[in-house]
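Structure record follows, encoded as structure tokens.
Where a number appears in this text, it was derived from the coordinates with a stated rule and is not lab data. Since the structure is predicted, the reported quantities are computational estimates derived from the model, not experimental observations. Here the Cβ positions follow ideal geometry from the backbone for every residue, glycine too, while neighbour counts run over all protein chains shown.
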Amino acid sequence: MKQTMYLALLLLAACGVKHSSVDYGKTKVSDLVAMKGHPVEEKPIPVKDGKMLIFDNNEKFQVKDDIVTHGFKEPKGDERSLLYWKHKLKDCDTVTKKIAVTDGHIAPEYELKCSAEGVTVIYTEGSEFVSRIIEHDKK
Amino acid sequence: MIRNSTLFLSFIFLFSACSERSPKTLISHFEKKSETDKVLERAIANLGEGGKCLIDIFNVDTLESEVKELEQKLESSPKSVGTWKHLDLSTLPSPQSHFLKKYGKDLGDLNNPDAFDYSSCRDVPCIYNKIYGKEKDVAGYVHYLWYLRFGHMLAADNKIPVQKSKNPGEYQDKTHSFDKYLFSHKELYALWRLSHMLKAPHTTLNYLKEVQKIPRGENFETASAAACGLAYSSGYILLTDDCLSLSSDQDMGFLYQAITHELSHHIDFESGRGSKKIYRSHKDDYLELAGFFMEEYVDKDGKAQRRWAHKKDIKLVSQYAGTAPEENFAESIAFFRVEGDITKKNLTNEHYDFVSKEFYFSQSFERERIFKSWIEEYQPDILQKSFKAVIDCSKEKSSPKSVYFSPKDFSNPLLPQMLNCLGERALEMTQELKNKTMLYKPDGCRAHNHHSMEGKWNAFMKEALIKIFDKYVEDLKKDPAYLGRIKSFYDDLSDKTPAREAYVNCYGESDEPKCFSDLIRKRATEKALALNLPDDQTNELIDMYASYHSYETVKDELKKSYHDLVKSQIEGIRSEAKTLWKSCEGISHNDSETPSGSVFQIADGYMVSSFYNCLNSEAPSSIKNAVRGISVNQMKVQNAKEELILFNEVKPAFLSLLTDIYKMEREKEEKSAADLLSKEQGQLRSDILSSFHWVKNVVDNQQIMSDCKKRAYELIKLKPLFHLPKTLFSDYLEKNTCLNISTSKEFTSWLEGSKGQFSEKITSGLDEKMLIAGTNQAKACVKEFPVDSAVNKIRFRKEREACLMNKWSDLENSTLSEVLNDPLVIKFQVSSVELKSKLELNRRRLQLRLMKEYFN
């Protein structure tokens, strides 16, 4: 009986969701590497003293002066739905901005930003799907 | 036992998948209604001479016959009920009644519904022709045929779906005459030709509602002048003049590529839906195939920046295809269809094969390939004519001299008169099929008349005919009765019913093409064996049968057929959608659960979670009901596989109807909210100012505004189901109800009366802040001088206490300075002396508490 319980606990621990404990604006690159391992790739970005650290599963972290400022994540499950985010952030004073002006034949992308929760989601005008989640410091 | 059960189930499944005794399919009944879909071919008979092109039969008679043919196929019950102006919808052919029910409000001059006199019209083409100011013209038929073939409207009205002005006829801040919204005669021909060029998936888009041209001479209001077409996932395609340009040869021009490109964006949207991505082109496999990746970052102003980049060695059909994966996707698919030879050169083989397989049922459109595919397509006809030619020529005693064939073309020695006779027949067949393809095929004249193709048609036909003739001659030599025996086999070749049944029965199998091929070969074998031929001849017949009924061809045809079948049953599906909406509307609503499920979605709109979750959980069973309600000639769906196919076809149509209801209800709710606010006359502000429990902060005006709005949402009786309260009311509340609320008489008076309470709040806040600062310091001291063992506890005791005490004064000063900057302290002018004495009073008690908690 005890063994089964331990096994169940072990299984729970193994399968449990690992939440990111990055404290944006405070966590250093060394702490990030300790948490997630070494990035697959590092790329320069047009931000002074900034760069992008790229990890598996299209997860990216933007860094400035050795401090992690933003995390870019792929939405999973219900997170892919814009309604999910509108519902989750319904009490937040969100700001919606057009983010890309292209000459394309299709609708532009928008960001829905909630500073208080430290989260921005990217979606396309007229679409129900969220294409990206950006995490940042809470203000 | 488990293994045995699994084995048993596998047998049953295999049996149901492959048994020829599977229940009959609806699609066979449905297709029997339209077996004679050969309007254009019949038109050839009336033309008499060769060298004519598709444009030569672009007339009312041809188009009218096409309409009749398609209407017969799409005729269904129940019909739409109701009226459109003077017309009783139930008396019209079903497709017309469905069209008017769906688009009747969007026809003609939307500023003035009486601008055109439709009173003499009895059908949809006539209505469109009135809009064009014409009688019995091709315009009306092209518009209506577009609907019949594609399932959405080719608009002829003066309101652009996403225009800035609310008024029809206004675009780019100008008023436009109605004729500027209509297509020219040349454009109408090209649109009709394009409707023949494209097949599924271009013709089976479920969420596209209309294709609309903006006023002639104008650019888009919302996009750069460089774009000539825009595709919206909300269901629209907009076109400027540049996307409608044509060459002097009307079978050429940018129109074909541009509209196919915009339609391909919709394929991208719709294929993306199933993959949980916005676009199919954003899936990893396509990004890898096409060579794209995303560059993204947040700029110094905190704004997200996202740009697509591509590999340096990327292969592109056009420069524009390099701007983004979605443009690459649409551009590659459009080029593939319209400029086959250029596409073959400019795409990687992998990319080329992907487009061919995924979007053109493994076809390709290089000119040589087009010729070969026509010869394959007309194979039964060629075989039968060749068969007759060999029999006739074997009896022919004299024939005019022909140099078409030479004796060495054949492996068997042929008498000169037979060679002459076959040459003459071959020439006739080659010319006849050339005339047929020039006229009947939308690519016909372009391919035949291209300078690079001179002589190629004849060469390909000759090559094919030599093989066929040679084989028949050989067979005839071996067995004079052979040709007579296989005649029935050839007669049966064009019957597509067994192939359709095989496709249905293999649907969803792990290897559909193999299952299909096995069934088709099985049937061919049964038929061929009955002829008692030698093995090699039997095998040849089987191969021929299987190659004629290829999996890709049958799949292509059935995709469109099932789409048409569902289109013909739209009223029953609409009724199921309405029933589901009503049942979910009736439950008690709240927005506390997380919205979950993705069967039904609402684009970038909103819906309370109880409603959303109800629709999502119930939609699958409603779709199943809709499928079971489908009937053709009183026959309902009986085949389990077919039910699955129909489920997948009905689903998008059902969800699209549900979305229409959602949009309508959302609009109604918006109107109710506006109505409510226009009548409230300041009552809401009075109610908010009647008590102040909602105030969380008295000095931050932004916070007061936010709290005021929250209180207002509580008080407003209308609890929206399809909007967030802030979307409907925030603007009004900011400008009216909550405007300057903190300077109102009631608010100021309440604040003055509450001064004592606020002072107490400030001092308790000071204590809390000091506790937090002290706790952090105590933790830092423990880190430096640990208490992890009894020895360390004693060894560092003095250092730990000193670490806390020595910092205490700094902690008090920083806490005090923070509190003195608190807007509440400033507002109520609380003195620093008063706060300092409070700190002194609590100092020792707090220090002892922290030491006891963290140092022991």
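Values computed for the structure shown
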quantity	calculated
For chain B, with +1 on Lys and Arg beta carbons and -1 on Asp and Glu, the positive-most of B:Ser831, B:Tyr189, B:His86 along the dipole	B:Ser831
5 angstrom amide H check on B:Gly108, placed H, neighbours 5+ away	B:Ala156, B:Asp157
Ranked B:Met770, B:Met453, criterion: other C-beta atoms within 10 Å, fewest first	B:Met453, B:Met770
Dimensionless Rg/Rh of the range A:19-70 - Kirkwood Rh, Rg from C-alpha atoms	0.92
Pairs beyond 18 Å (Cα-Cα), from B:Lys567/B:Lys624; B:Lys136/B:Lys567; A:Lys139/B:Lys300; B:Lys345/B:Lys456; B:Lys357/B:Lys560; A:Lys88/A:Lys138	B:Lys136/B:Lys567; B:Lys345/B:Lys456
Net charge dipole size for the range B:345-445 [Lys, Arg +1 and Asp, Glu -1 on Cβ; Debye, nearest 20]	400
Mean Cα-pair separation over length for the range B:671-795, i.e. relative contact order, pairs under 8 Å, 6 or more apart, %	22
Dipole of the protein assembly as shown [Lys/Arg +1, Asp/Glu -1 at C-beta], most positive-end residue of B:His143, B:Phe292, B:Trp750	B:Trp750
Neighbour net charge for B:Ala653 - beta-carbon separation under 10 angstrom, K R +1, D E -1	+2
Overall dimensions of the range B:486-566 by Cα: Rg and Dmax, Å	13.4, 46
Computed magnitude of the charge dipole of chain B (debye, nearest 20; Cβ of K, R +1, Cβ of D, E -1)	2140
J(HN,Hα) series, the range A:73-78, from Karplus relation 6.51 cos²θ - 1.76 cosθ + 1.60, nearest Hz, glycine and proline x	10, 7, x, 10, x, 4
For the protein assembly as shown, size of Cβ-based charge dipole, Lys and Arg +1, Asp and Glu -1, in debye	2500
Per-selection metrics, the range B:455-611 (Cα): Rg and Dmax in Å	26.3, 84
Listed pairs A:Lys43/A:Lys98; B:Lys85/B:Lys180; B:Lys68/B:Lys651; B:Lys186/B:Lys344; B:Lys696/B:Lys735; A:Lys86/B:Lys641 exceeding 32 Å between Cα atoms	A:Lys86/B:Lys641
Pair B:Leu676, B:His86: separation of 7 Å Cα→Cβ label points (nm)	4.5
Net charge over other residues, Cβ less than 12 angstrom from the Cβ of B:Glu474 (K, R count +1; D, E count -1)	-1
Residue among B:Ser691, A:Thr120, B:Trp457 farthest towards the positive dipole end of the protein assembly as shown, charges placed on Cβ	B:Ser691
Average projected area [Cα convex hull, the range A:74-139], square nanometres	4.5
Residues B:Ile486, B:Ile826, B:Ile375, sorted so that the one with the fewest Cβ neighbours within 10 Å comes first	B:Ile826, B:Ile375, B:Ile486
For B:Phe855, residues with placed amide H under 5 Å, excluding near neighbours	none
Rule-of-thumb Rg ratio for the range B:569-676 [Cα; 2.2 N^0.38 Å; N residues]	1.18
Stokes-Einstein diffusion coefficient of the range B:754-854, Kirkwood radius over Cα pairs, 25 °C, 0.890 mPa s, in µm²/s	167
Cα long-axis angle, helix B:512-529 against chain B (0 to 90 degrees, to the nearest 10)	20
Percent RCO, i.e. relative contact order, over chain B, from Cα pairs under 8 Å lying at least 6 residues apart	10
Residue-averaged [θ]222 nm for the protein assembly as shown, counting only DSSP H segments that reach four residues, each worth -39500 (n - 2.57)	-17500 deg cm²/dmol
J(HN,Hα) series, the range B:530-539, from Karplus relation 6.51 cos²θ - 1.76 cosθ + 1.60, nearest Hz, glycine and proline x	4, 7, 6, 9, x, 4, 5, 6, 4, 5
Over the range B:678-759: Kirkwood hydrodynamic radius from C-alpha pairwise inverse distances, Å	13.4
Anchor B:Lys807: lysines whose Cα lies under 21 Å away (excluding residues fewer than 8 positions away in-chain)	B:Lys769, B:Lys779, B:Lys783, B:Lys793, B:Lys798, B:Lys836, B:Lys838, B:Lys852
Stokes-Einstein translational diffusion, the range B:395-512 - Kirkwood Rh over all Cα pairs, 0.890 mPa s, 25 °C, in µm²/s	141
Taking all pairs of distinct alpha-carbon atoms in the protein assembly as shown, Kirkwood radius in angstrom	34.4
In order through the range B:98-103: 3J(HN,Hα) via Karplus (6.51 cos²θ - 1.76 cosθ + 1.60), integer Hz, x for Gly, Pro	5, 4, 5, 5, 7, 10
Under 25 Å from B:Lys397, Cα to Cα: lysines that are on another chain or at least 8 residues apart	B:Lys385, B:Lys388, B:Lys408, B:Lys462, B:Lys467, B:Lys471, B:Lys477, B:Lys478, B:Lys487
Shape call, the range B:197-265: gyration tensor on alpha carbons, a/c limit 1.5	oblate
Kirkwood-Stokes translational diffusion coefficient of chain B, alpha-carbon pairs, 10 °C, 1.306 mPa s, µm²/s	47
Average beta carbon contacts from partner chains per residue of A:128-138, 10 Å cutoff	4
Under 5 Å, built H, 5+ apart or other chain: amide partners of A:Ser127	B:Asp604
Over the range B:149-290: Rg over Rh, Cα atoms, Kirkwood Rh	0.98
